[in-house]
Amino acid sequence: MNDPADGATRRGFLTALASGAALAGLPQTPALAEGAEARIEPFYGAHQAGVVTPAQTHAYFTAFDLTTGKRAEVAGFMRDWTECAARLTAGEAPPAVTTSADYAVEPDNVEMTGLDPARLTITFGFGPSLFEKDGHDRFGLKSLRPEAFVDLPNFPGEQLAPARTGGDLIVQFCADNPQVAFHAARVLATRAYGLATLRWVQSGFVSDYGPGKTPRNLMGFKDGTGNPHTDSPQDMHDVVWAGDEAPAWMRGGSYIVVRRARMALEHWERTKVAFQEQTFGRRKHSGAPLGKEGEFDVVDLAAKDGDGNPIVPENSHVGIARRATDGGMRVLRRSYSYNDGANMIAERWPPWRQAMEFDAGLVFVCFQRDLRTGFLPIFENMSRFDMMNQFVTNTGGGYWACPGGAREGDYIGRALLEV
C-alpha cells in the first residue's frame, strides 16, 4: 500500500498541515453571517455533495492536469483537498500548508469574513487520463477503471477545443454566492502547486425561480423538466449512483459529463417563437409538451395533428429525449448557463456573416450510473438528428468518474489511490 505522506514529503508539499490552530494575526474561522448554519451543505457522507443537492445559483468548474507521476503524491493532495473542502463548505478556514522553505499557504480566509458558506459544495472527479494516458499506465490504475466509464467518441458537429477539454481531475464548486465558489476554487488550486496545474475553468449561473420551479436557459425555455426525482431513492439508485457492478472505490459515486455548449443567440432570437417551440418540442411560456397543457404532462410522441403529422416533431429536442427515456436511457441534468463576453465568429447559417457575437450558452452537466446507458446513447442520436444542433455547438468539456463520498477522517478517492 502506498503511503501518501511519503510522496508529499519528497516534494516538500503538505509537510506542515496545521493541527487547526490559527496563525498569528489570522482568524482560523471567519465571522459567519447570522443564520449561516442553515446554509451549510454537509460534506461527508455516502455520496459526494453537489450531485443530487438542489442546484445552487453559481458554479465554477476547474479541470486540472497532474504534473507528478507518483500516485502517493496524488493521494497526498487528495487527502489535503478533502480536508480543505470539508472546512470550506462549513465556512471554516483551510489548514495551513508549507509548500517550500520560502512560501506557506496560510489559512487567510479574510475574504470570506461576513459571508456565509452559501450552500457551497465541492465535488471531485477522476478523468480517463488518470487511468491511462497515451497508452501509459502512469499510476498503475488502469485495471481499476470501471467498465461503465467508457471513452466517449467524437460526436458529429462538436468542435471541442483542446484547451477547453479533458483533464486528469475535475472539481465542481457550486454555491449561492459566486465569490464563495471562486474563493474555494482558488484555495484548492493554490494547494496543488507543484503537483497539478489548471487546464481550463468555466463559470456558470442559474437563476432561482423559486421552490419547485424549473429554471430557464438563455434560450428562454425551461431546462430540466424531465429529470428523475432527486428525492426518490429508487430513481437515484437506478439513474445516478454506481452500484455493485462498479469497483469498490466507485460504489456510491457517479459519472459526470460536462459540455460547454455555445448558443447562437443572435440567430435564435431572430427566429419566430413557433419555430423555437417546434425545435424544443415544448411551449416556451408554460414548458408544456406540444399538444399538452402542463409542464409535467407526459410527452405524447404518437399524437398527430389534423394533417397526420406528429405534434411533437420526431427530431425535436424533447422528441429525441423522450424516446431515449422510453428506451431506459436516463441522466440527471444539473446544468448552468454561462456568459463569457463576446468574440469573433463565422456563422454557420446564411448569410454566413463574420461578426462579434456573444460567447454564451449552456454548461451542460449530467450525472449517471453508467455512461453506456446515459449520455453516450442519448447524445449519439441528438448529435445527428436534434433540430437544436443548428443553434448549439459544443466547444469543450469532458467526462470524469466521481467516487463515492467519504467519512470524516477519510478522503475522497482513498480506495482507488491506496491499493
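The values are calculated or read from the model by the stated rules, or taken from the named source; none is laboratory data. These numbers were taken from a predicted model, which means no experiment stands behind them. Please note: Cβ atoms are built from the backbone with ideal geometry, for glycine as well, and neighbour counts cover all protein chains shown. To get the accessible areas, we keep the full protein, side chains included, count just its heavy atoms, and leave off ligands, DNA and RNA. Shrake-Rupley method; radii C 1.70, N 1.55, O 1.52, S 1.80 Å.
Observations, loosely collected:
- Counting the residues of the stretch 388-414 that are in a helix (DSSP H, G or I) and either closer than 20 Å to V51 by Cα or open to solvent by less than 10 Å² (accessible area, probe 1.4 Å) (or both) gives 1.
- Positions within the stretch 147-201 being within 19 Å of D340 (Cα to Cα), of a type in the set (F, W, Y) and surrounded by 19 or more Cβ atoms within 10 Å (Cβ to Cβ), in sequence order: F173, W200
- Some residue of the stretch 334-347 being surrounded by fewer than 15 Cβ atoms within 10 Å (Cβ to Cβ) and outside any strand (DSSP E or B): yes
- Screening the candidates G327, G374, G319 for the property of being among the small types (G, A, S) and at pLDDT below 95 yields one hit, G327.
- Residue in the stretch 300-321 that is surrounded by fewer than 12 Cβ atoms within 10 Å (Cβ to Cβ) and closer than 30 Å to A181 by Cβ present: no
- Cβ pairs under 8 Å, 6+ apart, first in the stretch 322-343 and within 17 Å of G396 (Cβ to Cβ), second modelled with pLDDT of 95 or more and among the basic types (K, R): Y338/R260
- Complete set of residues in the stretch 260-285 that are open to solvent by 40 Å² or more (accessible area, probe 1.4 Å), small (G, A, S) and within 28 Å of the chain's Cα centre (by Cα): none
- Scan the stretch 73-89 for residues that are over 11 Å from I122 (Cβ atoms) and open to solvent by 10 Å² or more (accessible area, probe 1.4 Å) and the total you get is 2.
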